[in-house]
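One structure is given here, and the rest of the page talks about it.
The values are calculated or read from the model by the stated rules, or taken from the named source; none is laboratory data. Just so we're clear, the structure is a prediction, and the values are computed from it rather than from any experiment. With ideal geometry, Cβ positions are generated from the backbone for all residues, glycine too; neighbour counts draw on all protein chains shown. Heads up: the accessible areas ignore ligands, DNA and RNA and are worked out on the full protein's heavy atoms, side chains in. Shrake-Rupley method; radii C 1.70, N 1.55, O 1.52, S 1.80 Å.
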Amino acid sequence: DPIISVAQLNKTYDSGTIALDSVDLDIKAGEILALLGPNGAGKTTLISMICGLLSHTSGHVKVGGYDVVADYRKARTLIGLVPQEVMLEPFETVDSTVRFSRGLFGYPPDAGFVETVLRQLSLWDKRDTQIKELSGGMKRRVLIAKALSHHPKVLFLDEPTAGVDVELRKDMWNVVADLKAQGVTILLTTHYIEEAEAIADRVAVIAKGQILLVEDKDALMKRM
Ligand code: ADP
Ligand code: ADP
C-alpha cells in the first residue's frame, strides 16, 4: 500500500482560482518523489493539503492509512514539514529549537532522540549555538531537524533549495539522500529540473493544477 495516497483532489480558492484539478498521486514508503513544476503550478497548495493544513474542495488524502481531514491528529504525527520560509527563533539554541518542536507534538523530552536527529544532520557540534550565529546552510539543517523532531515517517520539503547558492544546494541534496538511506519517505517540491534529476526516485510534473505525468526519474531523463 502507498504511504501517501491522493485521490481526485480539487482545490478552488475563494478568489475562484482553480489551484488543483483532479489530482491523483500515490507515494510508496521509502521513496523520494519530486513534484516538479513552474511557479503557480499548485505545488505548495498540494503539499499543504497533504499535511492537512489547508482544506480541500473535494477528494481524499490519506497518510499512513489515515484521512488527513477526518483523522488529522493521527496523520499529523506521521508527517514532518519543512516549510519554504525559514521561521526560527534567533535567540534559541539549536538544541532548544528541536526540543521545543518535539514538545509541540506532545512527545516527552528525549535527549537521546534529539541527539540522534542532531547527529543525523551534522548539527551536534552546534547544539549550544544560537540560531542567529548560524550560516544559511546550518539554518536549513535546523529546519529539517525540527521537522524530524517527532520521528515522522514522511518528510515534506517545500522548495528546499529555492534561492540558495550551488554549494548549499548540493549540501541539501546530500542531506536528503542520507534521510532516504534511513528509510524516510520524502516528497519535495521544486521548480529546478536539476534538483529532481539529482535526488528523486520518481518525478511528478505539475502545471496549472494538473499532474501531467508521473514517471521513474531515469526513464524521464532518458526522454529529455
Ligand atoms: P506553486 O507552489 O506551484 O508556486 P501555489 O500552490 O502557491 O503554486 O499556487 C497555485 C495557484 O493558486 C496560483 O495561481 C496561486 O496564485 C493561487 N493561490 C495560492 N494561494 C492562494 C490563496 N491563498 N488564495 C488565492 N489563490 C491562491
Ligand atoms: P513555526 O511556524 O513557528 O515554525 P509551527 O507551529 O508552524 O511553528 O510548526 C512547528 C513544527 O511542526 C515545525 O517544525 C513544522 O515543520 C511542524 N509542523 C507544522 N505543521 C505540521 C503538520 N501539519 N504536520 C507535521 N508537521 C507540522
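Identify, please: which residue in the stretch 65-87 is within 11 Å of ligand 2 (Cβ to nearest atom) and part of a strand (DSSP E or B) and is, among those, most open to solvent (accessible area, probe 1.4 Å)?
So, considering only residues that are within 11 Å of ligand 2 (Cβ to nearest atom) and part of a strand (DSSP E or B), the one most open to solvent (accessible area, probe 1.4 Å) is L81.
Taking the conditions exactly as written (part of a strand (DSSP E or B), in contact with a Lys or Arg (Cβ under 8 Å, 6 or more places away or on another chain) and surrounded by fewer than 18 Cβ atoms within 10 Å (Cβ to Cβ)), does V203 satisfy them or not?
So V203 does not fit the description; no.
Would you point out which residue out of T93, T44, T17 is polar (S, T, N, Q) and more than 16 Å from ligand 1 (Cβ to nearest atom)?
T93
Scan the stretch 65-86 for residues that are more than 16 Å from ligand 1 (Cβ to nearest atom) and either more than 14 Å from H151 (Cα to Cα) or more than 18 Å from the chain's Cα centre (by Cα) (or both) and jot them down.
Matches in the stretch 65-86: G65, Y66, D67, V68, V69, A70, D71, Y72, R73, V86.
With the requirement that a residue be open to solvent by less than 10 Å² (accessible area, probe 1.4 Å) and either within 11 Å of ligand 1 (Cβ to nearest atom) or more than 21 Å from A177 (Cα to Cα) (or both), what does the stretch 26-41 give you?
Across the stretch 26-41, the qualifying residues are L35, G37, A41.
Under 6 Å between Cβ atoms, at least 6 apart or on separate chains: pull out the pairs that start in the stretch 140-152 with a residue that is under 27 Å from D165 (Cβ atoms) and end on any residue that is within 16 Å of ligand 1 (Cβ to nearest atom) and of a type outside the set (F, W, Y).
Pairs found: L143/V82; I144/V82; A147/L81; A147/V82.
Restrict the check to the stretch 178-187 and report whether at least one residue is in contact with a Phe, Trp or Tyr (Cβ under 7 Å, 6 or more places away or on another chain), open to solvent by less than 20 Å² (accessible area, probe 1.4 Å), under 17 Å from I4 (Cβ atoms) and not in a helix (DSSP H, G or I).
yes
Name the residue that is most open to solvent (accessible area, probe 1.4 Å), counting only residues in the stretch 47-64 that are within 12 Å of ligand 1 (Cβ to nearest atom) and small (G, A, S).
It comes out as S55.
With the condition being crowded, with 16+ Cβ neighbours inside 10 Å and of a type in the set (S, T, N, Q), I'd like the helices (runs of 4 or more DSSP H) fully within the stretch 88-175 carrying at least 1 qualifying residues.
94-104, 111-120
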